[in-house]
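As structure tokens, the structure follows; a few thoughts come after it.
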Amino acid sequence: MQRVDVWTMAGWGLLLMPLLTMWHEIGGHAAACALQGGHVATLGAFYVQCNSLREPGNIVVACGGVTVNAVLSAIAYACWRRARRDTARVVLWLVWVSEAFVAAGYFLFSGVTGYGDLGIGKGGALSGLGLHWPVQVAEIAVGAASYILLVRAAIRALNAMIGTGPQTRRTRRAIAHAYYASAGAAAVLVGLFNPVGIVITIMSAAASSFGGLAGFISIGYATGAVGEARPIDIPRNMAVIVAGALMVLAFGFVLGPSIQFR
């Protein structure tokens, strides 16, 4: 029997989006800034401003977010392989896939736009190289290839938990699409609190959520024509749903408008 509550999966999206975003911004960028003796001047929901550093210190700060994304993805993947309970396995799968998608997505986003953590524009890790279009082409190639491989790996991992075939269609979409939609919607909502305006919402909130996690769309449709479903049970969990809603509200009200440090 397969039972996966779509509202609980949406709740996990609401809960994990702020936590994983803070891991990227605070655990990555802000930590890299502070550990090098820099001054974290501004801490927002989707960006960090670091002062008092020179190159290559600023490069380390720019790369800090993607680096911790990759590290957490590897740790969550190792834990997922050892987990046995359905909820633990699915949540760990969401974490390692989300973090891997975001890390690979930054290469693709920065390569296409020239902006972002790994961009050639101002504040980007590759801004000092000078070879603009060759760098962007290389980033696009690395990002696209990595993302495709990760989508395939995520599908195989989900198949190991729920099986394949038409009988898994509802479960697959409840896990992948409900999480994707709730995490993306929450990110955009929080981004609207930012005083910088719609620019930070589009470039950071929407890009890192709806854009960076877009692989979940393909995962939700990768049912397969044949196969056998495996039992999985994730019942409705009001604690997760309420905690997710409260987490998004707190994240939006506290870090949405940004905190200034003098």
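Throughout, read-outs are computed from the coordinates displayed, never taken from laboratory work. Computed from a predicted model, the values in this text were never measured in an experiment. Cβ: placed from backbone, ideal geometry, glycine included. Neighbour counts: every protein chain shown.
Listed as lacking a disulfide-compatible partner in the chain: C63, C79, by the criterion of no other cysteine Cβ under 4.7 Å. On the basis of the beta-carbon distance and an R0 of 45 Å, W7 and R54 show a calculated FRET efficiency of 0.35. Hydrodynamic radius of region 142-262 by the Kirkwood approach over all distinct alpha-carbon pairs: 16.3 Å. Taking the Cα centroid of region 202-262 and of region 68-125, what is the distance between the two, rounded to the nearest whole Å? Cα centres, region 202-262 to region 68-125: 13 Å.
Sequence-ordered 3J(HN,Hα) estimates for region 107-120 from the Karplus curve with 6.51, -1.76 and 1.60 and θ = phi - 60° stand at 4, 5, 4, 5, x, 6, 9, x, 10, x, 4, 9, x, 9 Hz, glycine and proline given as x. Using the Karplus relation 6.51 cos²θ - 1.76 cosθ + 1.60 with θ = phi - 60°, the per-residue 3J(HN,Hα) values for region 149-155 come to 5, 5, 4, 5, 5, 5, 5 Hz, with x marking Gly and Pro. With only the Cα atoms considered, the chain has a convex hull volume of 114 Å³ per residue. Database remark: amide H of T42 closer than 5 angstrom to the amide H of Q49, F261 (H placed geometrically; neighbours at sequence offset of 5 or more, or on other chains; Pro and chain starts carry no H).
Just flag the trypsin sites (Lys or Arg not before Pro) in region 36-145 sitting in loop per DSSP whose Cβ has no more than 11 other Cβ atoms within 10 Å.
Sparse-neighbourhood loop trypsin sites (Lys or Arg not before Pro): R54, R84, R85, K122.
The length gained on full extension between A243 and I259, counted as 0.36 nm times the residue separation minus their Cα-Cα distance, comes to 3.5 nm. For region 61-73, backbone phi angles converted through the Karplus equation (6.51, -1.76, 1.60; θ = phi - 60°) give residue-by-residue couplings of 5, 4, 7, x, x, 5, 4, 6, 4, 5, 5, 5, 4 Hz, Gly and Pro being listed as x. Here's how it looks for V4: its modeled amide H is under 5 Å from those of I234, which are all 5 or more places away or on a different chain.
Beta bridges per DSSP, both residues in the chain: antiparallel share near 70 percent.
Direction-averaged shadow area of the convex hull around the Cα atoms of region 1-94, nm²?
6.9 nm²
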